[in-house]
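The values are calculated or read from the model by the stated rules, or taken from the named source; none is laboratory data. The structure displayed is predicted, hence computed values, not measured ones. Virtual Cβ from ideal backbone geometry, glycine too; neighbours counted across all protein chains shown.
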Amino acid sequence: MLASTTTTTSNTLMMSCCFSSSSSSFSTKNRKNLSSSSSLMSSSTSSSVRIAVVGDIHDEWNFEDDSKALRFLQPDFVLFTGDFGNENVELVRSIAKLEIAKAVILGNHDCWNTQQFSEKRKDRVILQLECLGEEHVGYRRLDFPSLKLTVVGGRPFSHGGETLFRKKLLSARYGVHDMQGSAKRIYNSAIRTPEGHSVVFLAHNGPTGLGSKVNDICGKDWDFGGGDHGDPDLAKAISDLKETTQIAIPLVVFGHMHKQLAYGNGMRKMIAVGEDNTVYLNGAIVPRVKIPTREQETSTSMKESGSVCSPETNGTVRAFTLVEILDGKLQKITETWVFVMGDDTRLEEQHILFETVT
């Protein structure tokens, strides 16, 4: 039996918010907290897989601090849903330098100013693609043999809906001219998945068919009438794969549709579960970086001293979504915030989004 939960207070595991633990305790105490308090499974065996999802970054990335957070979380690999910035080549180069297994898909902001490739010079889209190399999974797959998992990429540069965004880029680079051709490219990448592997899809935007309410996982929050803003090509590729093969698809990961809704209308549903138990995960927690406020410094004494909250004085809290898979089956998904300041790295808070009930 499968059950999904929402990020309400009752489903939140709040970790200590005091900022006084010594950095020397990181490798033992904090790792123990991560394992016990959040019921996360060890990734020491090949049957158990931990995935860290980094949703739309929008320039909120610090190589040093995010590297510390990822080392603390100890994922087997990381999935990036794109929208690093408006063609922010330096940030993408920083992502590429991460010494951890990863798969990446570029989003619409990653080709913000480039409508077609330049014949005279390397534009910023090409530079990003060159930085990422084979780790950019747009219209291709990336196999993880030791984990028995394959990541299959959707359409790069997507901005959702019924039309192809940056059609000239897709045509020139991938030979894709319409939604049907795009769905076929995604499908053809997936059917070559090695035998015995489960497939995790990584796309910038989610598929159609997951609801049309304003707060649905791909719902139009800028339109008071709502609407389904998913990608029809991704939906067709997944549907065709399920109809014509026995490949297991436990998880589809994407971003683009931010958790915080437009016009202050609350928060988006970040999980959807299909009738066949495929779980759809939206990782776009935006903004993904917060500066914590120390309780003891919010009093009059703080005002008198002129103290100001800043990353240097208070550290940062950084958002990730953790996925746990056991023997090819999804077990648990958590929205996870990690506090980082200098050598001090710890779990700040965690919200259960989904878990399997036995």
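Taken over the stretch 228-274, the criterion of being aromatic (Phe, Trp, Tyr) and either surrounded by 16 or more Cβ atoms within 10 Å (Cβ to Cβ) or within 20 Å of the chain's Cα centre (by Cα) (or both) is satisfied by Phe254 alone. Summed over the stretch 45-71, the residues that are within 17 Å of the chain's Cα centre (by Cα) and outside any loop (DSSP other than H, G, I, E, B) give a count of 12. The residue that is farthest from Val89 (Cα to Cα), counting only those in the stretch 99-151 that are of a type in the set (Asp, Glu) and over 20 Å from the mean Cα position of the chain (by Cα), is Glu119. Kindly indicate whether Thr345 is under 14 Å from Arg288 (Cα atoms), touching an Asp or Glu at 6+ places or on another chain (Cβ under 9 Å) and surrounded by 19 or more Cβ atoms within 10 Å (Cβ to Cβ). No. Given the condition in a loop (DSSP other than H, G, I, E, B), within 14 Å of Val78 (Cα to Cα) and touching a strand residue (DSSP E or B) at 6+ places or on another chain (Cβ under 7 Å), answer yes or no: does some residue in the stretch 104-115 qualify? Yes, the stretch 104-115 contains a residue that is in a loop (DSSP other than H, G, I, E, B), within 14 Å of Val78 (Cα to Cα) and touching a strand residue (DSSP E or B) at 6+ places or on another chain (Cβ under 7 Å). The residues on offer are Met302, Met270, Met257, Met341, and the sole one that is of a type in the set (A, V, I, L, M, F, W, C), out of contact with any Ser or Thr (no Cβ under 6 Å at 6 or more places or on another chain) and at pLDDT below 95 is Met302.
Filtered by the rule that a residue be of a type in the set (D, E, K, R), surrounded by fewer than 19 Cβ atoms within 10 Å (Cβ to Cβ) and part of a strand (DSSP E or B), the stretch 318-332 gives a lone residue, Lys329. Taken over the stretch 96-121, the criterion of being more than 15 Å from Val54 (Cα to Cα), modelled with pLDDT of 95 or more and surrounded by 15 or more Cβ atoms within 10 Å (Cβ to Cβ) is satisfied by Asn108, His109, Asp110, Cys111, Trp112. Confirm whether Ser182 is under 18 Å from Leu129 (Cα atoms) and in contact with an Asp or Glu (Cβ under 8 Å, 6 or more places away or on another chain). It is false that Ser182 is under 18 Å from Leu129 (Cα atoms) and in contact with an Asp or Glu (Cβ under 8 Å, 6 or more places away or on another chain). Of the residues making up the stretch 158-173, those that are closer than 18 Å to Lys236 by Cα and touching a residue at least 24 places away in the same chain (Cβ under 8 Å) are Ser158, His159, Gly160, Gly161, Glu162, Phe165. Could you say whether any residue in the stretch 169-179 is buried (at least 19 other Cβ atoms within 10 Å of the Cβ) and either among the small types (Gly, Ala, Ser) or at pLDDT below 95 (or both)? No, because not a single residue in the stretch 169-179 is buried (at least 19 other Cβ atoms within 10 Å of the Cβ) and either among the small types (Gly, Ala, Ser) or at pLDDT below 95 (or both). Consider Pro207 carefully, then state whether it is closer than 28 Å to Asn86 by Cα, touching a Leu at 6+ places or on another chain (Cβ under 7 Å) and buried (at least 16 other Cβ atoms within 10 Å of the Cβ). Considered against the rule, which asks whether it is closer than 28 Å to Asn86 by Cα, touching a Leu at 6+ places or on another chain (Cβ under 7 Å) and buried (at least 16 other Cβ atoms within 10 Å of the Cβ), Pro207 comes out as yes. Residues of the stretch 266-291 that are in a strand (DSSP E or B) and touching a Leu at 6+ places or on another chain (Cβ under 7 Å): Met267, Ile271, Ala272, Val273, Val279, Tyr280, Leu281. In the stretch 43-57, the residues that are at pLDDT below 95 reach residues that are outside any loop (DSSP other than H, G, I, E, B) and surrounded by fewer than 17 Cβ atoms within 10 Å (Cβ to Cβ) with C-beta atoms within less than 7 angstrom, at least six apart or across chains, in these pairs: Ser46/Ser146; Ser47/Leu326; Ser48/Leu326.
Looking only at residues of the stretch 72-95 that are assigned to a loop (DSSP other than H, G, I, E, B) and in contact (Cβ under 8 Å) with a residue 60 or more places away in the chain, we find that the one that is surrounded by the most Cβ atoms within 10 Å (Cβ to Cβ) is Gly82.
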